[in-house]
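Engineer: Take this structure first; my questions come after.
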Amino acid sequence: MAAMIRLHNTLSGRVEEFVPIESGSVKLYTCGPTVYDFPHIGNWRSYVFEDLLKRLFLYRGFRVLHVMNITDVDDKTIRGANAKGVGLDEYTKPFIEAFARDRDVLAILPADVYPRATAHIEEMVVLIEALLRKGFAYRKDGSIYFAIDKFPAYGRLSKINLEDLRPGSHADADEYAKESVHDFALWKAPKEGEPVWETRIGPGRPGWHIECSAMSSRYLGRTFDIHCGGVDNIFPHHENEIAQSEAATGVTFVNYWVHGHHLVVDGEKMSKSKGNFYTLTDILEKGYDPLDVRYLLVATHYRKMLNFTFEALDQARTARRRIGNFLGELRAAAQDGPSDPAVVRMVDEARAGFVTGLEDDLNISEALAAVFTLIKSAYPLLTRSEMTKADGSLISEFVAEADKVLGVRPSPVVSASGKINATSELSGAVTVIEAEILAKIEARQKARAGRDFKRADEIRDELLEAGIVLEDTKDGVRWKRTGPPKS
Ligand code: AMP
Ligand code: ZN
């Protein structure tokens, strides 16, 4: 089957066939974390949807060049650093580390480049110089603003109404609502308590929006294929990115704008004051496996609002276990003989349904239905002991293939440094929570690093008792089940 991927493009408001700029390759930019706090599960919903999209392209044979920025200077990071009385670097470091750790735990494939805003000031200066030269930007009180009335296409992405716009009204805040549309700051004049860069356009620091225009073109070129983010990024962030980039270069900035809808908790926006604000760690501490969380995030179509509840997370856990238990039983299929043509047909249909679903604007319900229909149809053969080994491998190979895109059944590998990586291998049935196993493996790594070999061996033995055998490899520690899992 040739790949024909269709995606909803916010710019046109329609689902369109994806045609890459360069055949067989996708240049993808996804807005990354503003590292002023730990990422919350809403952020992870956006990153997981982007990962699903990227994995689909990889599965369908595309090369993907993926760039995700790290916003390490903006109003929020500066405010946080000042409140703590530390420099930006020191303030943002733990949040950047937490982002990378959670990303690995959620089996999100890393981007090719994670450019940091503070490391790309020169690229931003070059862009702002071009905007000044071409008359799209003006100086005021040491700051530089983008004049949106000079760019007629302003508002096309977010479909805002510019009728009430007062030309020249401007403001400095990085974030603002559609109702207060105005000229936005490209470069902000030095201010008490803010970091300052001495540059050709004068001293100051960048506004938030300019970094994504500057860094995306640095790594992906002036025009690239896909730009993603959550719906809150549409205005003003992405609208401003288009204005900055297209005004400076005179060419189309991005061909497909793909936005994921938000996650809410118990039907409400997450907020610390409401007590419904969760980081991934908050959820894992309740005993869930990170991949239960991934399953939950992946299983709702990206353009629908996702209401996070613990009941929904329990259902996600059950669905994952169903796949795991099924694979465990498949492995027990011991009959010799050729594969049954009916099974071959079942697998072909499942594959076709899975691919067709995902290629249709990531229709995840259809894709998952294809996998579960296969499980349902295969069970009677298993219970009647009519499944041959050949049938069993055919089915489990398809599930492994599907998991390359879904990423919900990886067997985790803990590297020697204690950092958790994830590979897309399929492991056995899940009844012992993988997060617990990982925690033990990490504790053993720590004990070994502290030369407490007695404790390290005790932990290894405890795991063995629970049916988990550890293997020290050059890439770190791998774990396997020795037999049917004990709950
Ligand atoms: P930020 O760190 O706020 O710059 O956001 C990083 C990414 O998370 C952006 O793509 C946002 O659109 C996305 N995001 C923020 N809040 C949510 C939410 N509640 N649900 C889904 N995505 C979100
Ligand atoms: Zn951005």
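Engineer: Within the stretch 142-179, report the GluC sites (Glu not before Pro) that DSSP leaves as loop and that have at most 15 other Cβ atoms within 10 Å. Walk me through the numbers on the way to the answer.
Structural biologist: On the way: sites: E163, E175, E179; in loops: E163, E175.
Passing both the DSSP loop test and the Cβ count: E163, E175.
Engineer: Another question about this same structure. Apply the a/c threshold of 1.5 to the C-alpha gyration tensor of the stretch 146-279 and tell me whether it is rounded, prolate or oblate.
Structural biologist: rounded
Engineer: Which one of F49, M68, N82 has its Cα pushed farthest toward the positive end of the charge dipole of the stretch 34-96, where Lys and Arg give +1 and Asp and Glu give -1 at the Cβ?
Structural biologist: F49
Engineer: Tally the DSSP beta bridges in the chain and give the antiparallel ones as a percent, rounded to 5. Walk me through the intermediate numbers first.
Structural biologist: Working: 31 of 56 bridges.
Roughly 55 percent of the DSSP beta bridges within the chain come out antiparallel.
Engineer: Using alpha-carbon positions, what is the distance between the centroids of the stretch 301-353 and the stretch 240-267, in Å?
Structural biologist: Distance between centres, Cα-based: 35 Å.
Engineer: Helix 310-331 against the longest principal axis of the chain: what's the angle in degrees, Cα atoms only, rounded to the nearest 10?
Structural biologist: Here the helix axis deviates by roughly 40 degrees.
Engineer: Could I ask something else about it? Under a 1.4 Å probe, what is the accessible area of the chain per residue, stated in Å²? It would help to have the intermediate numbers written out before the result.
Structural biologist: Values: 21290 Å² over 487 residues.
Per residue, the chain has an accessible area of 44 Å².
Engineer: R322 accessible area, nearest 10 Å², 1.4 Å probe?
Structural biologist: 100 Å²
Engineer: Using a simple charge model, +1 on the beta-carbon of Lys and Arg, -1 on the beta-carbon of Asp and Glu, nothing else, what dipole does the stretch 171-290 show about its Cα centre, in debye to the nearest 20?
Structural biologist: In debye, rounded to 20, the stretch 171-290 gives about 220.
Engineer: Rounded to the nearest 10 degrees, what's the angle between the helix 239-249 long axis and the longest principal axis of the chain, both from Cα atoms, 0 to 90?
Structural biologist: Its long axis makes an angle of about 70 degrees.
Engineer: Extension gain V469-A100, at 0.36 nm per residue separation less the Cα-Cα distance, in nm?
Structural biologist: Length difference between fully extended and current span is 130.1 nm.
Engineer: Provide the per-residue ³J(HN,Hα) series for the stretch 449-466, in order, calculated from phi with Karplus coefficients 6.51, -1.76, 1.60 and θ = phi - 60°, each as a whole number of Hz, with x at glycine and proline positions.
Structural biologist: Taking θ as phi minus 60°, the curve returns 4, x, 6, 8, 5, 4, 4, 4, 5, 4, 5, 4, 5, 4, 5, 4, 3, 7 Hz for the stretch 449-466.
Engineer: Amide H neighbours of T199 under 5 Å, counting only residues 5+ apart in sequence or on other chains, H built in-plane at 1.01 Å?
Structural biologist: G204
Engineer: Here is a further query. Check V477: other-chain or 5+ apart residues with amide H under 5 Å from its amide H, H built from backbone geometry?
Structural biologist: HN-HN under 5 Å from V477: V414, S415, A416.
Engineer: Rounded to the nearest Å, what's the spacing between the alpha carbon centres of the stretch 137-184 and the stretch 1-70? Just the number, please.
Structural biologist: 28 Å
Engineer: Could I ask something else about it? What ³J(HN,Hα) values, in whole Hz, does the Karplus curve 6.51 cos²θ - 1.76 cosθ + 1.60 give for the stretch 203-218 when θ = phi - 60°, with x put for Gly and Pro?
Structural biologist: Karplus values, whole Hz, x for Gly and Pro: x, x, 8, x, x, 6, 5, 5, 4, 6, 5, 5, 7, 5, 6, 4.
Engineer: To the nearest 10 square angstrom, what accessible area does H8 show with a 1.4 Å probe?
Structural biologist: H8 has an accessible surface of roughly 40 Å² with all protein chains in place.
Engineer: Name the residue from A214, T252, V264 whose Cα lies farthest towards the positive end of the charge dipole of the stretch 202-265, charges +1 on Cβ of Lys and Arg and -1 on Cβ of Asp and Glu.
Structural biologist: Sorting the options by dipole projection puts first A214.
Engineer: Using only protein heavy atoms and a 1.4 Å probe, report how much of K134 is accessible, in Å² to the nearest 10.
Structural biologist: Using a 1.4 Å probe on the heavy atoms, I get roughly 100 Å².
Engineer: Rounded to the nearest 20 debye, what is the charge dipole size of the chain about its Cα centre when +1 sits on each Lys and Arg Cβ and -1 on each Asp and Glu Cβ?
Structural biologist: About 360 debye.
Engineer: List the residues whose amide H sits under 5 Å from the amide H of Y278, counting only those 5 or more places along or on another chain, with H placed 1.01 Å from N in the peptide plane.
Structural biologist: Long-range HN contacts for Y278: I41.
Engineer: Another question about this same structure. Which value, in debye to the nearest 20, describes the size of the charge dipole of the stretch 234-322 about its Cα centre when Lys and Arg Cβ atoms bear +1, Asp and Glu Cβ atoms bear -1, and nothing else is charged?
Structural biologist: 360 debye
Engineer: Moving to a separate point now. Could you tell me how many degrees, from 0 to 90 and to the nearest 10, lie between the Cα long axis of helix 341-359 and the main elongation axis, the longest principal axis, of the Cα atoms of the chain?
Structural biologist: Result, in degrees: 10.
The values are calculated or read from the model by the stated rules, or taken from the named source; none is laboratory data. Bear in mind that the values here come from a model prediction, so they are computed numbers and not experimental data. Glycine also receives a Cβ, built like all others from the backbone with ideal geometry; neighbour counts cover every protein chain displayed. Surface areas here come from the heavy atoms of the whole protein model, side chains and all, with no ligands, DNA or RNA. Shrake-Rupley method; radii C 1.70, N 1.55, O 1.52, S 1.80 Å.
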